[in-house]
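Structure, as structure tokens:
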Amino acid sequence: MIQLKNIKKSFHDQEVLRGINLTVKKGEIVVILGPSGSGKTTFLRCVNFLEKPNEGEVIIDNFSIDCKKPNKKDILALRKRTAMVFQHYNLFKHKTVLENVMEGLIIVQKLPKETAKKKSLEVLEKVGLIEKRDAYPSQLSGGQQQRVGIARALALNPEVILFDEPTSALDPELVGEVLEVIKKIANEGITMIVVTHEMGFARDVSNHVVFMDQGIIVEEGHPAVIFTNPKEERTKRFLKRIT
Ligand code: ADP
């Protein structure tokens, strides 16, 4: 469903992504693991052109974007099919929970207000925040704010949701509620790419683990294989350190 071919990205003269190839099938829950600084977040942001890759190709559905000469129309079409959940939630502080979720539906998708509201209430129900619909972000815990971030992504009906370390800004006691919501959505068959350090989540929920180091994919496969029988030395060392 999504194919990323030979994605390269440099910042100034630092080559952060050195040719990433990844195929994500429909309904797959892909988890990206790797040491800090290995390029995981940059790669995720390249998938929907929040960062523009210097080279490579992004293929989604039946169209392809050449990263060297992307056109605006294709980038918009790509963004329509993706939604991002950020580490720091990125909610509008002066809008209520409901308004935060409705925003993208009204501004980007141009839905009528009533339709946007109905859809937003549905997803707020799903993430367990319907009673907080009129609260402002500052009145919510970090876990609740992140659940709003997830509701906002879900409301857009994307083909793939990109999660950028969705729990790493949270106090440990709030991580569980957010992972539970992500699990629930995963079980509904939405395609996801998740950058995370949560090994339990990677093991239990994902069906495709990607291990990155120094801007390349070192190893990938099913979690049952990667976690119990990694082939590459670098993967072994990383898993030993972190688990
Ligand atoms: P990870 O998510 O694996 O921790 P990142 O993708 O965040 O890794 O970062 C990889 C490298 O790219 C780091 O050395 C980081 O400093 C650098 N980097 C990331 N974003 C930028 C940017 N906008 N400008 C310059 N350097 C960046």
> Does the chain come out rounded, prolate or oblate by the C-alpha gyration tensor, with a ≥ b ≥ c the root eigenvalues, rounded set by a/c under 1.5 and, if not, prolate when a/b is larger than b/c and oblate if not?
Replying inline: oblate
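Just the accessible area per residue of segment 1-110, please: how many Å² with a 1.4 Å probe?
For segment 1-110, the solvent-accessible area averages 51 Å² per residue.
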> Given a 1.4 Å probe and every protein chain left where it sits, what share in percent of the accessible area of segment 1-128 is carbon and sulfur?
Replying inline: 51 percent
>> Give me the extension gain from residue 54 to residue 168: residue separation times 0.36 nm, minus the current Cα-Cα distance, reported in nm with one decimal.
In response: 38.2 nm
>> Apply the a/c threshold of 1.5 to the C-alpha gyration tensor of segment 17-58 and tell me whether it is rounded, prolate or oblate.
In response: oblate
> What does the charge count near residue 205 come to, summing +1 for each Lys or Arg and -1 for each Asp or Glu among other residues with Cβ under 14 Å from its Cβ?
Replying inline: -2
> Taking θ as phi - 60°, what are the ³J(HN,Hα) couplings along segment 182-188 by the Karplus curve (6.51, -1.76, 1.60), each to the nearest whole Hz, with x for Gly and Pro?
Replying inline: 5, 4, 4, 5, 4, 5, 8
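Taking a probe of 1.4 Å, how large is the accessible area per residue of segment 120-165, in Å²?
Values: 1660 Å² over 46 residues.
About 36 Å² of surface per residue is accessible.
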> Just how much of residue 11 is accessible, in Å², when a 1.4 Å probe is used and the result is rounded to the nearest 10?
Replying inline: 70 Å²
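Would segment 106-213 count as rounded, prolate or oblate if I go by the C-alpha gyration tensor, calling it rounded below 1.5 in a/c and otherwise prolate when a/b exceeds b/c, oblate otherwise?
On the way: a/c = 2.17, a/b = 1.42, b/c = 1.52.
It comes out oblate by the Cα gyration axes.
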> Rounded to the nearest 0.05, what FRET efficiency do residue 216 and residue 76 have when you use their Cβ-Cβ distance and R0 = 51 Å?
Replying inline: 0.95
> Rounded to the nearest 500 deg cm²/dmol, what is the calculated helix-only ellipticity per residue at 222 nm for the chain, with -39500 (n - 2.57) per DSSP H run of length n ≥ 4?
Replying inline: -11500 deg cm²/dmol
>> If you average the C-alpha positions of segment 64-86 and of segment 125-187 separately, how far apart do those two centres end up, in angstrom?
In response: 24 Å
>> Can you return the lysines within cross-link range of residue 240? Criterion is Cα-Cα under 19 Å, with same-chain partners fewer than 8 residues away left out.
In response: 231
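The values are calculated or read from the model by the stated rules, or taken from the named source; none is laboratory data. Just so it is clear, the structure is predicted and the values come from calculations on it, not from any experiment. We place every Cβ from the backbone using ideal geometry, glycine too, and count neighbours over all the protein chains shown. Side chains are part of the model used for accessible areas, which takes the heavy atoms of the whole protein and leaves out ligands, DNA and RNA. Shrake-Rupley method; radii C 1.70, N 1.55, O 1.52, S 1.80 Å.
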